[in-house]
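Please read the structure below before turning to the comments.
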Amino acid sequence: MRICGVELTANDAVISLIELEGEHFTLPDCRARKLSLPKEHTREDLQRFQFAFAKLMSDYKVDKVAIKERMTKGKFAGGSVSFKLESAIQLIADLDVITLSSAQVKTALSDNPLPITFSDTELKGFQEGAFTAAYVAHMLN
């Protein structure tokens, strides 16, 4: 099963692909590390983002998308654009999308710690949240 983890930050959807084959995880190559929406975006920009995300998931045969949930209130609350991005992703037809709360992530990681350190994955540092979301989705599957 191939899962795409997503962390939404400002105008970006940071992604990381993880595939579980038997009992081994692999990190498939992907042509994109993040997809962005312009700050001053229009309806058409949002539709282009949605189309590009759907195309990427189709091209890489992703079975499920796991989005790391953002807070709605407080110091670390997500911005309005990130919630638009989440909605655009969730509304893609024929795409299985779940959101993972901080509590779910914490519990899953305590029960099933990451088998390798993030620095050994060769992913970029900004992809760590997306990588963790994808890993946790596999553990909860």
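The values are calculated or read from the model by the stated rules, or taken from the named source; none is laboratory data. Predicted, not measured: the structure shown is a model, and the values here were computed from it. Cβ: placed from backbone, ideal geometry, glycine included. Neighbour counts: every protein chain shown.
Note on segment 82-139: residues that are farther than 23 Å from Gln50 by Cα and touching a residue at least 40 places away in the same chain (Cβ under 8 Å) amount to 8.
Count of segment 36-74 residues, restricted to those that are assigned to a loop (DSSP other than H, G, I, E, B) and touching a residue at least 24 places away in the same chain (Cβ under 8 Å), is 10. Within the set Leu100, Leu91, the sole residue that is out of contact with any helix residue (DSSP H, G or I) (no Cβ under 6 Å at 6 or more places or on another chain) and not basic (Lys, Arg) turns out to be Leu91. Close Cβ contacts (under 7 Å, 6 or more residues apart or on different chains) running from residues in segment 1-23 that are under 14 Å from Leu85 (Cβ atoms) and of a type in the set (Phe, Trp, Tyr) to residues that are modelled with pLDDT of 95 or more and assigned to a loop (DSSP other than H, G, I, E, B) are absent. Selection of segment 21-53 for residues being under 18 Å from Glu122 (Cα atoms) and surrounded by fewer than 17 Cβ atoms within 10 Å (Cβ to Cβ) yields His24, Phe25, Thr26, Leu27, Pro28, Asp29, Cys30, Arg31, Ala32, Arg33.
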